[in-house]
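The values are calculated or read from the model by the stated rules, or taken from the named source; none is laboratory data. Every value quoted in this text rests on a predicted model; they were computed, and no experiment measured them. Quick reminder, even Gly has a Cβ in these numbers, built from the backbone with ideal geometry, and neighbours come from all protein chains shown.
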Ligand SMILES: Nc1nc2c(c(=O)[nH]1)N[C@H]1C(S)=C(S)[C@@H](COP(=O)(O)OP(=O)(O)OC[C@H]3O[C@@H](n4cnc5c(=O)[nH]c(N)nc54)[C@H](O)[C@@H]3O)O[C@H]1N2
Ligand SMILES: Nc1nc2c(c(=O)[nH]1)N[C@H]1C(S)=C(S)[C@@H](COP(=O)(O)OP(=O)(O)OC[C@H]3O[C@@H](n4cnc5c(=O)[nH]c(N)nc54)[C@H](O)[C@@H]3O)O[C@H]1N2
Ligand code: SF4
Ligand SMILES: [Mo]
């Protein structure tokens with residue numbers, strides 16, 4: 001809209017965060033200063049409101065701790081001592097070091113480390129891909145999040161968006177499964193509430209009473225990582241109760257007879273043993289869901305974070321196909337509807353530039369890669385980290401720190417702050433925040449494209465990520481047109497504007513209106529799979545997978561072939577026990593008896609905002625939820641300082657003793673900075689193990705023990 005009256009301007013923003021809501025925002029600018037950021041009232045999802053994390057987003061841009069100039073390390077690694085240098089010196093030093101490494105060890109000794117810390121199509125996940133592919137650097141496999149969920153989805157129903165989250169307004173029955181909507185997908189809640197006002201029942205399936213579970217009509221609490229058994233018992237019950245829509249199944253489902261046989265033994269009593277959920281409840285849930293019209297399921301990312309998570313998700317995806325729920329406007333599943341945005345990935349990433357045979361290193365195994373444990377040849381000699389903070393967000397993070405301390409590792413980090421990772425950098429480059437650069441946002445929680453307009457000049461010498469890579473490309477001598485495009489040209493290039501999903505949508509329109517919904521049909525009448533039309537090879541919902549090997553679903557891989565020949569994926573969905581639990585590893589559980597669930601913090605967005613006093617006050621110190629029985633048996637009281645420990649590592653927290661968690665389970669949320677928690681953070685106790693599919697993480701599949709602080713101090717002496 002760019003309303004101009006005097007020096008006041010309003011421009012369109014798109015929330016840059018890795019959050020399904022991708023809010024449409026309005027930037028108010030006065031005399032070149034960002035004075036206010038608010039939600040766009042005309043956006044059907046944002047509806048004018050931002051979440052607690054972003055409600056002072058303008059101030060965030062002026063945070064006095066921001067890195068505004070390139071910095072060079074002057075003290076030992078991690079000592080947080082830096083001096084200001086010029087951009088020229090910074091770029092020159094980087095290119096000199098990189099050229100020497102390429103000369104001596106080959107380009108694969110250099111590795112980009114990046115993620116969705118910025119979600120923009122220009123400044124986000126893929127911003128450095130063309131550059132590092134051109135270089136021939138090690139390819140970074142970025143599977144922090146949703147790779148297990150998306151691989152399960154892609155294999156079963158194909159690259160379809162599934163159920164429109166807006167369609168939940170018409171739901172008759174809702175299951176929110178492994179998602180804490182009120183913290184992590186807030187703008188979906190009004191659609192859920194609308195349905196409830198019209199009589200829909202809300203069931204939340206979560207191992208503890210999350211904020212969202214507290215609001216449910218019915219909270220079902222399986223043991224962490226046992227959802228596969230719960231889903232299989234629902235399938236068993238739906239079949240035995242005659243709730244299968246046989247016509248739908250005959251026409252649009254592949255593998256029903258095999259699934260029926262496979263589910264024969266999965267009785268509710270069998271599942272009760274595994275999940276701890278009473279058999280009668282499982283039967284009731286399956287019958288209620290199977291008899292309801294407009295039965296909707298919301299599947300969160302969190303479900304994938306155990307050994308059996310992805311298999312569980314396959315089983316859940318099978319459920320609406322059995323009952324024919326997809327025939328209703330609010331029937332089916334909402335998972336991560338990013339598939340139908342016609343993003344021009346090949347043009348953005350240039351995977352065709354990756355030299356044949358280039359190795360792939362997974363970001364979750366960064367510690368092993370940097371410490372030499374994975375025996376890489378050549379070893380990693382330099383990393384460039386942007387849009388991510390692996391020192392807190394990856395697994396086995398203490399090992400990453402050990403790697404980052406290597407004197408012969410040259411580390412470049414681009415960030416807004418001296419993050420826990422940037423603290424180990426040799427060179428830090430100052431990056432722009434959302435109001436300071438142009439971008440275009442896709443979403444994984446709704447169907448709107450949202451424009452983000454540069455509203456103010458960057459402070460100091462901060463640069464957009466795209467500009468950082470233009471400068472690096474020029475220094476490295478890469479003259480390709482890819483590295484000469486301005487940010488606005490990159491915005492233009494990000495989408496395949498000839499695709500049917502965006503007919504009638506143009507950048508001009510986005511500059512006028514701020515956002516536009518993809519042409520996928522209105523929520524109230526859209527029924528994408530009423531007649532099958534799944535985007536699988538058979539066009540059916542593929543419950544049975546023959547001869548499929550593990551791989552990482554697009555868009556998290558850019559090298560589609562990289563994982564071909566991986567381990568075989570089970571033919572049918574089912575229950576795979578957690579790596580660690582009192583029933584799967586009873587010996588280990590003698591020493592470490594508690595299953596730790598490590599989900600998102602309410603007031604932080606991953607590690608963003610965890611360095612800001614206002615958000616810290618809202619979130620409180622690192623807490624650990626503990627059941628009263630588990631607390632009492634260890635002499636721990638509410639508010640006591642405790643240590644959480646296992647063989648991988650340890651961190652300190654404050655005990656919150658509450659019935660919200662069952663016995664045997666502790667909950668500690670992620671995002672707290674290491675600099676404020678020197679012993680460790682929640683991912684200090686996370687073993688670096690992949691989950692069931694797509695090389696996904698297993699943050700919530702670790703046994704721990706908790707100790708009163710005094711005792712742990714004694715033990716350490
Ligand atoms: N225990 C546990 N661990 C988890 C999870 C969990 O639930 N539990 N969740 C996992 C999941 S789902 C995810 S997505 C990952 C997230 O992991 P990350 O994406 O690594 O998390 P962030 O804290 O968002 O880190 C992003 C960093 O990029 C910086 N940044 C933001 N915008 C820009 C920009 O425009 N330019 C540059 N150069 N830098 C920028 C931020 O300041 C921040 O330091 O964490 C994973 N780790
Ligand atoms: N406030 C806030 N919002 C965020 C983020 C943030 O850091 N803070 N991060 C964003 C990102 S990157 C992502 S990926 C999304 C993630 O969004 P969600 O998928 O909602 O992620 P979590 O909050 O980690 O977990 C949701 C719930 O799943 C439960 N859970 C954990 N393990 C299991 C299990 O085995 N079975 C079942 N049934 N439930 C389980 C947890 O107890 C938790 O209450 O959130 C996004 N939104
Ligand atoms: S973090 Fe999510 S809910 Fe908050 S403003 Fe951004 S997109 Fe909206
Ligand atoms: Mo995520």
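Residues checked against (1) part of a loop (DSSP other than H, G, I, E, B); (2) within 31 Å of the chain's Cα centre (by Cα):
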{"position": "45", "(1), (2)": "yes, yes"}
{"position": "64", "(1), (2)": "yes, yes"}
{"position": "68", "(1), (2)": "yes, yes"}
{"position": "83", "(1), (2)": "no, no"}
{"position": "112", "(1), (2)": "no, yes"}
{"position": "117", "(1), (2)": "yes, yes"}
{"position": "127", "(1), (2)": "yes, yes"}
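Taking the stated definitions as given, is residue 705 surrounded by 17 or more Cβ atoms within 10 Å (Cβ to Cβ) and in contact with a helix residue (DSSP H, G or I) (Cβ under 6 Å, 6 or more places away or on another chain)? So residue 705 fails the test. Among the residues of the range 7-24, the ones that are within 16 Å of ligand 2 (Cβ to nearest atom) and either in a strand (DSSP E or B) or over 25 Å from residue 601 (Cβ atoms) (or both) come to 1 in all. Just checking, does the range 141-153 include any residue being in contact with a strand residue (DSSP E or B) (Cβ under 9 Å, 6 or more places away or on another chain) and surrounded by fewer than 24 Cβ atoms within 10 Å (Cβ to Cβ)? Yes, the range 141-153 contains at least one residue that is in contact with a strand residue (DSSP E or B) (Cβ under 9 Å, 6 or more places away or on another chain) and surrounded by fewer than 24 Cβ atoms within 10 Å (Cβ to Cβ). Going by the structure shown, is residue 602 outside any helix (DSSP H, G or I), within 16 Å of ligand 4 (Cβ to nearest atom), under 21 Å from the mean Cα position of the chain (by Cα) and at pLDDT 95 or above? So residue 602 passes the test. Within the range 30-53, the set of residues being under 17 Å from residue 185 (Cβ atoms) and touching a helix residue (DSSP H, G or I) at 6+ places or on another chain (Cβ under 8 Å) comprises 44, 45, 46, 47, 49, 50, 51, 52, 53.
Inside the range 277-304, residues that are over 28 Å from the mean Cα position of the chain (by Cα) and within 13 Å of ligand 2 (Cβ to nearest atom) make up a count of 1.
Quick grid of which residues meet (1) modelled with pLDDT of 95 or more; (2) more than 28 Å from the chain's Cα centre (by Cα); (3) under 17 Å from residue 450 (Cα atoms):
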position	(1), (2), (3)
2	no, yes, yes
15	yes, no, yes
23	yes, no, yes
41	yes, no, yes
52	yes, no, no
56	yes, no, no
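Answer yes or no: is there a residue in the range 464-472 that is within 24 Å of the chain's Cα centre (by Cα) and in a helix (DSSP H, G or I). Yes, the conditions are met somewhere in the range 464-472. Condition (residue is at pLDDT below 95 and either part of a helix (DSSP H, G or I) or out of contact with any helix residue (DSSP H, G or I) (no Cβ under 9 Å at 6 or more places or on another chain) (or both)) applied to the range 512-521: is it met by at least one residue? Yes, the conditions are met somewhere in the range 512-521. Filtered by the rule that a residue be within 16 Å of ligand 2 (Cβ to nearest atom) and crowded, with 23+ Cβ neighbours inside 10 Å, the range 76-118 gives 114, 115, 117, 118. Screening the range 135-243 for strands (runs of 3 or more DSSP E) wholly inside it with 3 or more residues that are in contact with a helix residue (DSSP H, G or I) (Cβ under 6 Å, 6 or more places away or on another chain) and within 16 Å of ligand 3 (Cβ to nearest atom) returns no ranges. For the residues 160, 156, the requirement of being surrounded by fewer than 24 Cβ atoms within 10 Å (Cβ to Cβ) and modelled with pLDDT of 95 or more singles out 160.
Determine the pairs where a residue that is within 8 Å of residue 40 (Cβ to Cβ) and not assigned by TED's automatic domain parsing to the domain that holds residue 119, located within the range 8-26, has a partner that is modelled with pLDDT under 95 and away from ligand 1 (no atom under 14 Å from the Cβ) with Cβ atoms under 7 Å apart, the partner being 6 or more residues away or on another chain. Listed by first residue and then by second, the contacts come to 12/1. If the condition is being within 16 Å of ligand 1 (Cβ to nearest atom) and without any contact (Cβ under 8 Å) to a residue 24 or more places away in the chain, then the range 596-618 contributes only 616. Yes or no: the range 507-514 includes at least one residue that is within 16 Å of ligand 3 (Cβ to nearest atom) and closer than 26 Å to residue 38 by Cα. Among the residues of the range 507-514, at least one is within 16 Å of ligand 3 (Cβ to nearest atom) and closer than 26 Å to residue 38 by Cα, which makes the answer yes. Just one of (1) under 28 Å from residue 18 (Cα atoms); (2) touching a residue at least 60 places away in the same chain (Cβ under 8 Å); (3) assigned to a loop (DSSP other than H, G, I, E, B) trips up residue 683, so point out which. Status for residue 683: all satisfied but (3). Scanning the range 682-697 turns up no residue that is modelled with pLDDT of 95 or more, buried (at least 20 other Cβ atoms within 10 Å of the Cβ) and more than 30 Å from residue 151 (Cα to Cα).
Out of the residues in the range 46-75 meeting the condition of being surrounded by fewer than 13 Cβ atoms within 10 Å (Cβ to Cβ) and touching a residue at least 60 places away in the same chain (Cβ under 8 Å), tell me which one is farthest from ligand 1 (Cβ to nearest atom). This residue is 62.
Conditions (1) within 28 Å of the chain's Cα centre (by Cα); (2) in contact (Cβ under 8 Å) with a residue 12 or more places away in the chain; (3) surrounded by fewer than 18 Cβ atoms within 10 Å (Cβ to Cβ), marked per residue:
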| site | (1), (2), (3) |
| --- | --- |
| 434 | yes, yes, no |
| 437 | yes, yes, no |
| 447 | yes, yes, no |
| 455 | yes, yes, no |
| 460 | no, yes, yes |
| 477 | no, no, yes |
